[in-house]
Amino acid sequence: MSEPEAAGAEPILNVRGEGVALGPLRRDLVPVYARWINDPQVLRTLGVLPIPATLDAEEKWFEQAVSGETRHFTIYRLDGMVPIGTCDLREIDHRNRSASLGILIGPEEHRGKGHGTEAIRLLLDVGFTVLGLKNIMLSTYAFNLAGRRCYEKAGFRVIGRRRECRLLNGELHDEIFMDMLASEFESPVLAAIFAPDAPRR
């Protein structure tokens with residue numbers, strides 16, 4: 001179970017990139033997560049109904065998240081160590097070496113700056129390098145142009161679509177499916193850490 005961060009202490013980080021890092025979910029950030037999940041700008045691309053999420057509901061989500069099989073992370077901007085979102089690997093199937101990916105960038109001022117792309121690549125590094133997965137997929141909606149650009153920059157390719165299945169502003173839009181194979185991914189961080197020790201002379 002995640003423990004609250006000590007006042008003024010630097011957050012625990014699992015994977016550190018150049019501009020962002022991934023760390024465990026934090027109980028003391030539940031009010032922040034709740035603020036993000038109540039933002040209509042966030043919800044419009046997540047496939048979540050815009051129903052108010054109470055702090056109690058978010059605390060229950062937190063308890064389930066830290067005890068479940070999905071691998072959840074808080075995304076931090078390294079400049080100032082500011083929490084800016086969450087991401088996860090879900091539906092992890094170790095036998096078939098596959099999973100799905102999700103990401104949320106909360107504050108509007110941190111969107112469109114490349115943080116999501118880097119966070120996704122760090123999360124893919126966890127999935128491919130640490131968990132040994134072979135295929136990671138995601139889905140987005142045709143109207144989510146910024147999200148699709150982000151996923152393509154991270155290396156995802158379109159593999160199909162479900163037509164006219166998402167209602168937005170009175171119009172139906174396609175759901176787009178994208179994936180990546182481990183063979184198409186180059187580890188930015190963890191391959192060097194998880195490499196065997198070199199022989200000593």
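A compact table of results
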{"quantity": "DSSP-loop GluC sites (Glu not before Pro) across segment 108-201, with at most 15 other Cβ within 10 angstrom", "calculated": "GLU186"}
{"quantity": "5 angstrom amide H check on VAL20, placed H, neighbours 5+ away", "calculated": "LEU78"}
{"quantity": "Label-zone membership for segment 106-128, site LYS153, 7 angstrom Cα→C-beta point, backbone N under 18 Å", "calculated": "106-125"}
{"quantity": "Estimated distance in nm for a label pair at ARG95 and GLU63, the labels positioned 7 Å out from Cα along Cα-to-Cβ", "calculated": "3.1 nm"}
{"quantity": "Length-normalised contact order of the chain in % [C-alpha pairs under 8 Å, at least 6 apart]", "calculated": "17 percent"}
{"quantity": "Restricting segment 34-123 to trypsin sites (Lys or Arg not before Pro) in coil, as DSSP defines it, with at most 11 other Cβ within 10 Å", "calculated": "ARG95"}
{"quantity": "Semi-axis lengths (Å, descending) of the ellipsoid that matches the C-alpha gyration tensor of segment 20-93", "calculated": "18, 16, 13"}
{"quantity": "Reported label for calculated semi-axes √(5λ) of the Cα gyration tensor in Å given (i) 50, 20, 12; (ii) 27, 23, 16; (iii) 35, 22, 14", "calculated": "(ii)"}
{"quantity": "Separation in nanometres of the label points that stand 7 Å from Cα toward Cβ, at GLU171 and ASN14", "calculated": "3.8 nm"}
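Here, each number is a calculation from the coordinates, and none is a lab measurement. Source: prediction; values computed, not measured. Here the Cβ is made from the backbone with ideal geometry for all residues, glycine too, and neighbour counts use every protein chain on show.
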